[in-house]
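Read the structure below first, then the notes.
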Amino acid sequence: MNKLAAHKNLSTSACLAFALSLMLSVALLSPAALADSAQPADPQPEADALEPGLAVDYYYLKLDVLDELYAWLDHKDPGPGAPLANLDFVANEQGPVLGTDRGSIVVAIITGFVRFPESGQFQLLALVNDGMRLWVGEDNSDPILEDPRKLSDRLVGPADITVEADTWYPMNLEYFQKKGTSALVLAWMRPGAGEGEEEVIEAEYFAHLPE
């Protein structure tokens, strides 16, 4: 059992803080990566067309790695779920996994928009169990956060991203949970933030266009 899994009794924010503190010392010793400038949605969505939260489609597939999903997409119909207010989910073996009534064998494709409260360089990070990929920005072919494997709770990131304040950016997140405990928590560190100042991204910063 890793150290993060041993702290299941902590709140979600405390889990993130604990995990990040374990990794920051290593990250700070590594060469600094250049921050990618994310491209905003073009055109920007009309405010009166947006609805709160993120859209989600569920597939009930048993995966060992996220790449196995792609062979199914032309053969399986998704089950649309209720919008997710934000991504702040940690559950035991009984679940629920995200907005489902299941505790295992769940795949989710989550789409919508994210905005940032200030301009500058943010760091994105996620607490994940099992695997995920996250894209942010228009025409972005490379995920900003990625760990597609079936593993226990772990921190993915942090990854740098440069953004403009109060501007909508498209986001797409793929996630799967095979069995056991589950977690999907998306957080950021604001420009100039230091160790222990990561924040779960609140619902006010997400939106989607209803179909």
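The values are calculated or read from the model by the stated rules, or taken from the named source; none is laboratory data. Predicted model, so just to flag it, every value in this text is computed and none were measured. Glycine gets a Cβ as well: all are built from the backbone with ideal geometry, and neighbour counts include every protein chain shown.
Tabulated data for the structure shown
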{"read-out": "Pick from segment 138-151, criterion more than 13 Å from V114 (Cβ to Cβ) and not in a loop (DSSP other than H, G, I, E, B), ranking: modelled with the highest pLDDT", "value": "E146"}
{"read-out": "Residue count, segment 35-62 (criterion: more than 18 Å from L134 (Cα to Cα), loosely packed, with under 15 Cβ neighbours inside 10 Å and touching a residue at least 12 places away in the same chain (Cβ under 8 Å))", "value": "7"}
{"read-out": "Residue match in segment 166-180 (condition: within 17 Å of the chain's Cα centre (by Cα), under 25 Å from V106 (Cβ atoms) and of a type in the set (G, A, S))", "value": "no"}
{"read-out": "Residue in segment 81-88 that is touching a strand residue (DSSP E or B) at 6+ places or on another chain (Cβ under 8 Å), in a strand (DSSP E or B) and closer than 27 Å to P191 by Cα present", "value": "yes"}
{"read-out": "Selection within segment 193-206 - without any contact (Cβ under 8 Å) to a residue 24 or more places away in the chain and of a type in the set (G, A, S)", "value": "G194"}
{"read-out": "Failed condition for F116, given (1) more than 24 Å from E51 (Cα to Cα); (2) not in a strand (DSSP E or B)", "value": "(1)"}
{"read-out": "Complete set of residues in segment 119-137 that are at pLDDT 95 or above, outside any strand (DSSP E or B) and either of a type in the set (A, V, I, L, M, F, W, C) or buried (at least 24 other Cβ atoms within 10 Å of the Cβ) (or both)", "value": "none"}
{"read-out": "Only one of V107, V26, V65 that is among the β-branched types (V, I, T), crowded, with 18+ Cβ neighbours inside 10 Å and either at pLDDT 85 or above or more than 27 Å from A207 (Cα to Cα) (or both)", "value": "V107"}
{"read-out": "Odd one out for R154, checked against (1) modelled with pLDDT under 95; (2) closer than 18 Å to H208 by Cα", "value": "(2)"}
{"read-out": "Of all residues making up segment 85-137, the number that are closer than 22 Å to R154 by Cβ and acidic (D, E)", "value": "3"}
{"read-out": "Verdict on L98 being farther than 15 Å from A38 by Cβ, assigned to a loop (DSSP other than H, G, I, E, B) and under 14 Å from the mean Cα position of the chain (by Cα)", "value": "yes"}
